[in-house]
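Notes for the one structure printed next.
The values are calculated or read from the model by the stated rules, or taken from the named source; none is laboratory data. Keep in mind that this is a model prediction, so the values were computed, not measured. All Cβ positions, even for glycine, are placed from backbone atoms using ideal geometry, and neighbour counts span all protein chains on display.
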Amino acid sequence: MMKFEFSGLVLAILFVFIGSNSSFGQGAFTFMHDGLERTYFLEIPEGSTEGMPLVFALHGYSGGAITIYSYSGWSDISASEGVAICYPQGTLDDVGIPHWNANLGISSTDDVGFLTELALHLQEEYGFSAECTFSCGFSNGGYMSYTLACERPDVFRAVGSVAGCMSASDQVECNPSEVVPVIHVHGTLDPTVNYDQGSLSGPPWGGGWGVVDIMEFWSEAMGTTQSSETPIDNVVVLDLTTVDFIRNYGAPGGQEFHHYRVNGGLHDWPDAWGNQDIDATALIWEFFASVCAAGPTDVDTELLLSEPVLIRVLDLLGREVEDLPGQLRLHVYSDGTVRKQVRLAD
């Protein structure tokens, strides 16, 4: 069983609030699929939408579109990078909890069909780029993103998972027509989706595969030939975690598997809560952007490290503050790196 995020009542209230709040991108929409009226929120930055990248951000089990909107920081990416963000809402499973049916057998909902048709609809409606449409998610949303990579790589050109693994069914049945790039962020002490075994509750959430197994499966499918492991600077020591960046690359088609292993991390979305040395959302977007820039199968990871932009200034406790002269600050950049800086007086 996945960790709850918000109760159904709170979620419903937030839907009403956000649906009438004009600051939330373009607001709330409905989309009919398989006889069900589905809800999603769409955030579109100013400017022409023709050829604009599109990212699906999928909430966790028991959560909702508003929850991942509120903590993930995709709004900042949307505004600064010119990216459309779609926050779909999952349906209720067999016991009445919002979920994504990542071949989990806990409902009959066709979420692969829903998300695929919604992506195609948005591409047609707004002119969003078909080669730059991606999916990522937290926990159950990460599970669902892996399912999309298995079943609809023609639509979702790369996927990202934060604290989510693959369902037991996907572990057995996944045989994609083409292999897309993958980025995965996960804490080694995650009590909900275990790093070594997936969900400890067993099938359908788990079934034996942990993060390393998943990385090996996709890297082998990609045909990667090289691997590197690099520690990320442990700038914020008070979060009691460190991060290692594992990169599998050298595939004939250019696909790569990027894994950010959060040593000591729990069931977290780094930067929102948990580890503060990396920004999970910024890392996912930079990874997606490199896919978009290089084409559908030619991933140039060096783009991830080029000309990072300062996006946030923190104090040593991880709180967002002003960048005052003479004060030691933590500068968070768009590539996920964090640097200690002391700005000289103006």
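Values computed for the structure shown
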quantity	calculated
Test result for T230, polar (S, T, N, Q), at pLDDT 95 or above and under 19 Å from the mean Cα position of the chain (by Cα)	no
Search result, residues across segment 70-111 that are out of contact with any Pro (no Cβ under 6 Å at 6 or more places or on another chain) and β-branched (V, I, T)	I77, I85, T91, V95, I97, I106, T109
Test for E178: is it assigned by TED's automatic domain parsing to the domain that holds A102 and under 23 Å from G202 (Cα atoms)	no
Some residue of segment 189-208 being touching a strand residue (DSSP E or B) at 6+ places or on another chain (Cβ under 8 Å), part of a strand (DSSP E or B) and either charged (D, E, K, R) or at pLDDT 95 or above (or both)	no
Restricting segment 136-167 to residues that are charged (D, E, K, R) and in a loop (DSSP other than H, G, I, E, B), the residue that is surrounded by the fewest Cβ atoms within 10 Å (Cβ to Cβ)	D154
Scan of segment 189-241 for residues that are of a type in the set (S, T, Y), more than 21 Å from G141 (Cβ to Cβ) and either surrounded by 19 or more Cβ atoms within 10 Å (Cβ to Cβ) or free of Cβ contacts under 8 Å to residues at least 12 places away in the same chain (or both), ordered by number	S219, T224, T241
Meets criteria (under 28 Å from I278 (Cβ atoms), free of Cβ contacts under 8 Å to residues at least 12 places away in the same chain and out of contact with any Asp or Glu (no Cβ under 6 Å at 6 or more places or on another chain)) for L148	no
Test: residue in segment 38-55 that is modelled with pLDDT under 95 and basic (K, R)	no
Residue under evaluation D170, criteria (1) in contact with an Asp or Glu (Cβ under 7 Å, 6 or more places away or on another chain); (2) charged (D, E, K, R); (3) not in a strand (DSSP E or B), criterion not met	(1)
